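The structure appears below as structure tokens.
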Amino acid sequence: MSVKQSATVGDLLREWRGRRRFSQLDLASEAEVSTRHLSFVERGRSTPSRDFLMKLAEPLDLPLRERNRLLLAGGYAPMHTELDISAPDMAMARLAVETVLRGHEPFPALAVDRHWNLVEANNGAQALLEGIDPGLLSPPINVLRASLHPKGLTPHILNLPEWRHHVLSRLRSDAGRSADPDLASLHEELRRLPTPAGSGSCGSDPTIAVPLRLRHPKTKTVLSFISTTTVFGSAVDVTLAELTLECFYPADETTREALQV
């Protein structure tokens, strides 16, 4: 369970050590700091410097959002900006996102934020939105909820057990890695959603990747996709670091031909 927003430096360090399965000795060794000093900081007996906290953040692999939170707990200003995607300073990042999305057409591609809410989509993404209840397409559109909700893509997904398992496993991993309580709540919500009768259990393991196989509600064509995930590896802004591009590729010739019409 995550600690409260008003947590102390010691609270945060203990939480993240636990998440990363680090002892104090492990963390001190990795960060090349004194175990004694780390112990004093965790117990509130010593005030850490900004540099000391950043040394600890590296081996703990803290997300940028959590690095800011650690600095604030220590009485320091945040190091990383959190700009709105529409901000002028994000213009080149927006252009990069648009370039990827448009360049991926006619195949589907989406940009989502840290909670899997849709930020932008290309024209090819319409193939993934057909048949979804309009209520699930009202902003903010959560793409995972739209995928697994009974009024979303679920009735059209032919390999629902495999796809559902893939989505929930990834979401659980994201929640654990980021310590984001909203992601944990989303995972619990989606895990509890009912599945259609007769959907069965996971079948045999896929050969190379878990595909998304769905029957297009209008054309009745069976479309099969495999996906890749792209993030900004050099981002120093929180918003940009948490932006994810999901690009879907045809998993067979039938899908390729159907989308290239």
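Please specify each residue of the stretch 237-254 satisfying the condition of being over 15 Å from Leu212 (Cα atoms) and part of a strand (DSSP E or B).
Initially, the stretch 237-254 is screened for residues over 15 Å from Leu212 (Cα atoms), giving 237-245.
Residues satisfying the conditions are Thr244, Leu245.
Within the stretch 14-27, the set of residues being loosely packed, with under 13 Cβ neighbours inside 10 Å and not in a helix (DSSP H, G or I) comprises Arg21, Ser23. Scanning the stretch 78-93 for residues that are in contact with a Leu (Cβ under 7 Å, 6 or more places away or on another chain) and among the small types (Gly, Ala, Ser) yields a count of 1. For Val97, the conditions (1) farther than 30 Å from Leu53 by Cα; (2) not assigned by TED's automatic domain parsing to the domain that holds His216 are fulfilled apart from (2).
Here is a yes/no grid of residues against (1) surrounded by fewer than 17 Cβ atoms within 10 Å (Cβ to Cβ); (2) not in a helix (DSSP H, G or I); (3) not aliphatic (A, V, I, L, M):
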| position | (1), (2), (3) |
| --- | --- |
| Leu12 | no, no, no |
| Ser29 | yes, no, yes |
| Asp51 | yes, no, yes |
| Pro78 | yes, yes, yes |
| Thr81 | yes, yes, yes |
| Ser86 | yes, yes, yes |
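Residue count for the stretch 88-116 under the criterion of being in a strand (DSSP E or B) and either in contact with a Gly (Cβ under 7 Å, 6 or more places away or on another chain) or without any contact (Cβ under 8 Å) to a residue 12 or more places away in the chain (or both): the result is 1.
When Glu42, Glu82 are checked against the criterion of being touching a residue at least 60 places away in the same chain (Cβ under 8 Å), among the acidic types (Asp, Glu) and in contact with a Lys or Arg (Cβ under 8 Å, 6 or more places away or on another chain), a single residue qualifies: Glu82. Could you tell me which residue of the stretch 215-234 is nearest to the chain's Cα centre (by Cα), considering only residues that are in a loop (DSSP other than H, G, I, E, B) and farther than 13 Å from Val97 by Cα? Residue satisfying both the conditions and the ranking: Gly233.
If you take the residues of the stretch 216-256 that are among the charged types (D, E, K, R) and exposed (fewer than 13 other Cβ atoms within 10 Å of the Cβ), which of them is modelled with the highest pLDDT? Walk me through it before giving the result.
We begin by selecting, within the stretch 216-256, every residue among the charged types (D, E, K, R); these are 218, 220, 237, 242, 246, 252-253, 256.
Still in the list and also exposed (fewer than 13 other Cβ atoms within 10 Å of the Cβ): 218, 220, 253.
Working: Lys218: 86, Lys220: 90, Glu253: 95.
Going through the qualifying residues, I end up with Glu253.
If you check Gly135 against the conditions, is it surrounded by 15 or more Cβ atoms within 10 Å (Cβ to Cβ), out of contact with any Ser or Thr (no Cβ under 9 Å at 6 or more places or on another chain) and in a helix (DSSP H, G or I)? I'd like the intermediate steps shown before the answer.
Numbers: surrounded by 15 or more Cβ atoms within 10 Å (Cβ to Cβ): no; out of contact with any Ser or Thr (no Cβ under 9 Å at 6 or more places or on another chain): yes; in a helix (DSSP H, G or I): yes.
No.
In the stretch 169-187, the count of residues that are over 30 Å from Glu58 (Cα atoms), at pLDDT 95 or above and crowded, with 18+ Cβ neighbours inside 10 Å is zero.
Taking every residue in the stretch 159-184 that is assigned to a helix (DSSP H, G or I) and pairing it with any residue that is acidic (Asp, Glu), at least 6 positions away or on another chain, the pairs with Cβ-Cβ distances below 9 Å are Glu162/Asp205; Asp174/Asp180; Ala175/Asp182; Arg177/Asp61; Ser178/Glu66; Ser178/Glu242; Leu183/Asp174.
The values are calculated or read from the model by the stated rules, or taken from the named source; none is laboratory data. Treat the numbers as computed from the prediction; the structure is a model and nothing was measured. Cβ atoms come from the backbone with ideal geometry, glycine included; neighbour counts cover every protein chain shown.
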